Amino acid sequence: MRDIVLNPPVDAPEAGARPLNRRQVAKQRTRGKVIEAARNLFAQRGYDAATIRDIAREAGMSTGAVFANFQDKSELFDTVLAEDLARLAEALTRGIQTGTDLRSRLLGGFVAGYEATLEQLPLVQAVVARAWHQPLQDARKGRDLIAPVIEGLESLVTDAIKAGELKSGADAVLITELVWVAYLSNYRRAAYDSWTVDTLKAHLASQIDVILAGQLGR
């Protein structure tokens with residue numbers, strides 16, 4: 001089974017680009033401070049309660065400096081989400097590569113995802129809460145950000161079907177959706193029932209077993 005690399009879209013310098021000058025470096029640092037301040041406040045207060053004024057104060061700068069880098073709070077939140085999804089994708093990729101079959105690869109990837117994100121659990125809750133109370137246009141942005149991760153997982157399942165690990169008639173899209181929903185749903189257990197990574201791993205293993213039951217190749 002080939003290695004799967006999950007790569008959400010992130011801003012990266014083009015190959016052969018010129019080094020940044022001092023002004024550009026300063027702007028980049030300012031942007032980084034704003035993002036980190038926003039991440040902290042979104043995690044502490046949620047999306048709605050964290051204002052641009054509060055984020056600016058947390059970053060030690062004016063609201064004008066925030067708006068010089070971001071059009072509005074929604075764009076700032078999406079930037080925080082994109083960065084965190086990049087970290088999640090890296091963790092999932094590392095975890096997937098430790099497995100030898102579909103089950104162990106899925107479980108290894110998702111457990112690595114839990115390990116990488118549980119320290120930011122309040123931020124995860126803020127993301128989920130906003131997903132239920134945002135305009136359709138913003139919801140579509142969130143889907144676009146997560147799409148490469150889903151596509152990578154779907155490729156993993158598709159490869160398992162081609163290799164005969166899952167039966168030929170298995171629905172890769174549906175299986176991917178089910179394991180992803182199971183993975184996300186367990187964050188609620190971590191938030192409200194104080195589940196540890198080990199507890200989450202054991203529960204997710206059972207969920208994956210149920211999802212794959214009847215889909216395994218003969």
Estimated vicinal HN-Hα couplings, Hz - the range 197-207 in sequence order (Karplus 6.51, -1.76, 1.60; Gly, Pro = x):
4, 4, 5, 4, 4, 4, 5, 5, 4, 5, 4
Sorted on mean Cβ neighbours within 10 Å (highest first), peptides 177-190, 20-33 come out as 177-190, 20-33
Would you mind checking which residues have amide H under 5 Å from Leu216's amide H? H placed 1.01 Å from N; only 5 or more apart, or other chain.
Lys167
Sequence ranges 55-62, 44-51, ranked by mean other-Cβ count within 10 angstrom, highest first:
55-62, 44-51
Given H placed on each backbone N at 1.01 Å, which residues far from Trp195 in sequence or on other chains put an amide H within less than 5 Å of it?
Ala190
Surrounding net charge for Ala43, when Lys and Arg each add one and Asp and Glu each subtract one, Cβ distance under 12 Å:
-2
Can you classify the range 20-87 as rounded, prolate or oblate using the Cα gyration tensor, where a ≥ b ≥ c are the square roots of its eigenvalues, rounded means a/c under 1.5, and otherwise it's prolate if a/b beats b/c and oblate if not?
oblate
What is the gain in length, in nm to one decimal, between Arg94 and Thr30 on full extension, counting 0.36 nm per residue of separation less the C-alpha to C-alpha distance?
20.0 nm
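Here, each number is a calculation from the coordinates, and none is a lab measurement. Just so you know, these numbers come straight off a predicted model, no measurement behind them. Because the Cβ atoms are built from the backbone with ideal geometry, glycine has one as well, and the counts that use them run over all protein chains shown.
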